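Here is the structure we will look at.
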Amino acid sequence: MIPALGLLAGILIGVVLQPDVPIWLQPYLPIAVIAALDAVFGGVRAVLDGIFDDKVFVISFLSNVIVAALIVYLGDQLGVGAQLSTGVVVVLGVRIFSNVASIRRHLFHA
Amino acid sequence: MTAPAPTPARRPDASMTLLTEMLERPLDPGYAAASARRAAAGGPRSTPVGSTLVAVTAILLGLLFAVSATTVRRGEASAGTVRKDLISQIESRRAVVDERSAAIRDRQTEITRLESNALGATENGLRQELQALAAATGNVAVEGPGLLVTLNDKPTDDATPTAGDDQGKVLSRDLFIVVNSLWQSGAEAIAINGQRLTVRSPIRFAGEAILVNFRPLSPPYVISAIGDPAALPAAFAETVGGAYLKSLTDNFGIVTSVDGADHISLPGATRVTVDKAVVQGGTK
Amino acid sequence: MRQTRTQGLENLRQEELVGILDTVTQESVRLGNELRDLERIRDRLASGADSEAAAVQVAQERADTLAILAGTKAATGPGITMTITDPDGQISSTILLDALEELRDAGAEVIQIGPVRVVASTYFTDVDGGISVSGTNVAPPYIFRAIGDAPTMAAAMEIPGGVGESVRGKGGEVTIAARDEVSITATYEPKTPQFARPAPTPSSSASS
């Protein structure tokens, strides 16, 4: 319950304040969102598996976002930013889908 | 003879370990490890979901989602506005160019008339020289029979043609090759979409747009050439340009037509000054 | 109407639109200046205070400008000389045509190619061992002389995908030298038009 409320609070703060993101940071936002989603679904599945750990959750979130941003940055420097972004999205996307599949089995036994 | 010990069968997808790893173990192994550690120490297998740490992370997550959504949407909106703004600015400048061009032509007509009046009978030679020169530079509007060569982009089925698909687009190069052949065929005066060609008229491109006399044109492109109605069409058909037009149609689907016309009128030119050049051996 | 006017612009990228806006703005400024010049000439002629001698002087100045543009008089001024070599005989008339359009785009006022003065109706055709410029055979190297702004014209030859690249792709070389004084001595004798008659009422309409 508390995480859901926190998530909602964060969304509200963001929508109300509409903070300005510096231009140089903007290209990393979409990839950061995917990385964060991966951490969230990983966390939810861990809760359902009964092996949740708050420190692992926080670290996986932060490291996911930072590493994803780093890869995109590196790609941009090498001139293959678009390709590397796609790679990151594919890998994280596959993980998100299998985590969601596992969550679904837990919740609906289907 | 004993049979060799059976080796475990290789997994058929052994060469794709990275993929299988990704698909079969999507969960961060950190969770399992931490849980096992706690269980070994006699603690619970899972920590409570409601800890402060999790709550703070959740807020950060929500913030990230909201900020990303608003930023990306705002960026899209502003890019669209900027483009629209640029196009409307180009159109208004283009209108200014047209307006000033019309005014320049009017002034030239006035000047020619005033000169004729001011130059007395003694200056008849100068007056005739001016008239001849004005005609030679394309300075005056002319009319006569000739040829209309029309080029249009390949028709697209969808209402919004995708950018970058320039296969069926008329290029500036297509226009100047045709114009080159029209001059070769003996055309006396040429204009493209109402832009009279002079010695200083460039036919250039900017992206997919064609600019003549530094003014962007819209398709279809109509090249109007005044010349001998009996000779011009046949002469043009024999030039490189005539064959070039056909190949544009055959290879790229560009719509072209060449039509004779009894009466074509072309506006006078507007670029009729020089800044740096002076007559050699005289004062400008 | 609205739709046909924007056609050709709506698919362009933002940078291209910025470039076009820049070009059209410059042109509108240039036309504004030209309009002012013409109005000054008209006012001098119309004031009537000037004697016939003054009118003759105005007319003479105009005749000189028109003579430079029509190609009937030799002209001089700052500019460039450009040499295009063609060791392999691969340079086609289209490349020279491209070079000419690019020079015009860069604001060249008076141009001579080899021994031929460039006018509006100058044309190129491929012939054995060279290129015919308005019927005069010119053999490589092709030497362009142009009066105008030297840095602008030199830069125009080296735009990506431009004349410099095409020439080098054919094994040739483009060399450009800026000159304080380029003299263009070739002249052109205008033919009397047989079919183009001065229009009685000048059309001041400009379509798209």
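The values are calculated or read from the model by the stated rules, or taken from the named source; none is laboratory data. If you're wondering where the values come from, they're calculated on a predicted model, not measured in any experiment. No Cβ is skipped: glycine too gets one built from the backbone with ideal geometry, and neighbour counts run over all protein chains shown.
Comparison of C:T94, C:T81, C:T125 shows that the only residue that is part of a helix (DSSP H, G or I) and either within 30 Å of B:P216 (Cα to Cα) or among the hydrophobic types (A, V, I, L, M, F, W, C) (or both) is C:T94.
What do you reckon, is B:I210 in contact (Cβ under 8 Å) with a residue 12 or more places away in the chain and more than 10 Å from chain C (Cβ to nearest Cβ)? No; evaluated as a whole, the condition is false for this residue. For the stretch C:71-92, taking the residues that are out of contact with any Gly (no Cβ under 9 Å at 6 or more places or on another chain) and over 17 Å from C:A156 (Cα atoms), the one that is farthest from the other protein chains (Cβ to nearest Cβ) is identified as C:S92. Determine whether B:P229 is of a type outside the set (G, A, S), at the interface with chain C (Cβ under 10 Å from one of its Cβ atoms) and in a strand (DSSP E or B). Considered against the rule, which asks whether it is of a type outside the set (G, A, S), at the interface with chain C (Cβ under 10 Å from one of its Cβ atoms) and in a strand (DSSP E or B), B:P229 comes out as no.
Name the single residue, out of those in the stretch B:243-284 being among the polar types (S, T, N, Q) and at the interface with another protein chain (Cβ under 7 Å from one of its Cβ atoms), that is nearest to C:A108 (Cα to Cα). Here the residue is B:T273. Among the residues of the stretch A:45-53, is any of a type in the set (A, V, I, L, M) and more than 7 Å from chain B (Cβ to nearest Cβ)? Scanning the stretch A:45-53, I find at least one residue that is of a type in the set (A, V, I, L, M) and more than 7 Å from chain B (Cβ to nearest Cβ), so the answer is yes.
Filter the stretch B:241-277 for residues that are in contact with an Asp or Glu (Cβ under 8 Å, 6 or more places away or on another chain) and not hydroxyl-bearing (S, T, Y) and give the result. B:L248, B:I254, B:V255, B:H263, B:I264, B:L266, B:R271, B:V272, B:V274, B:D275, B:K276, B:A277 - these are the residues of the stretch B:241-277 that are in contact with an Asp or Glu (Cβ under 8 Å, 6 or more places away or on another chain) and not hydroxyl-bearing (S, T, Y). Within the stretch C:145-179, the set of residues being assigned to a strand (DSSP E or B) and within 11 Å of chain B (Cβ to nearest Cβ) comprises C:A146, C:I147.
Scanning the stretch C:152-174 for residues that are at pLDDT 90 or above and exposed (fewer than 12 other Cβ atoms within 10 Å of the Cβ) yields C:R168, C:G169. Look at A:V94 and say whether it is more than 8 Å from chain B (Cβ to nearest Cβ) and not basic (K, R). For A:V94, the condition - more than 8 Å from chain B (Cβ to nearest Cβ) and not basic (K, R) - is not met. Annotation note: of B:T273, B:T256, B:T249, the sole residue that is part of a loop (DSSP other than H, G, I, E, B) and over 20 Å from B:G144 (Cα atoms) is B:T273. Restricting attention to the stretch B:233-246, the residues that are among the β-branched types (V, I, T) and in a helix (DSSP H, G or I) total 1. Only residues that are farther than 30 Å from B:G241 by Cα and in contact with a Ser or Thr (Cβ under 7 Å, 6 or more places away or on another chain) were counted across the stretch B:114-154, and they come to 1.
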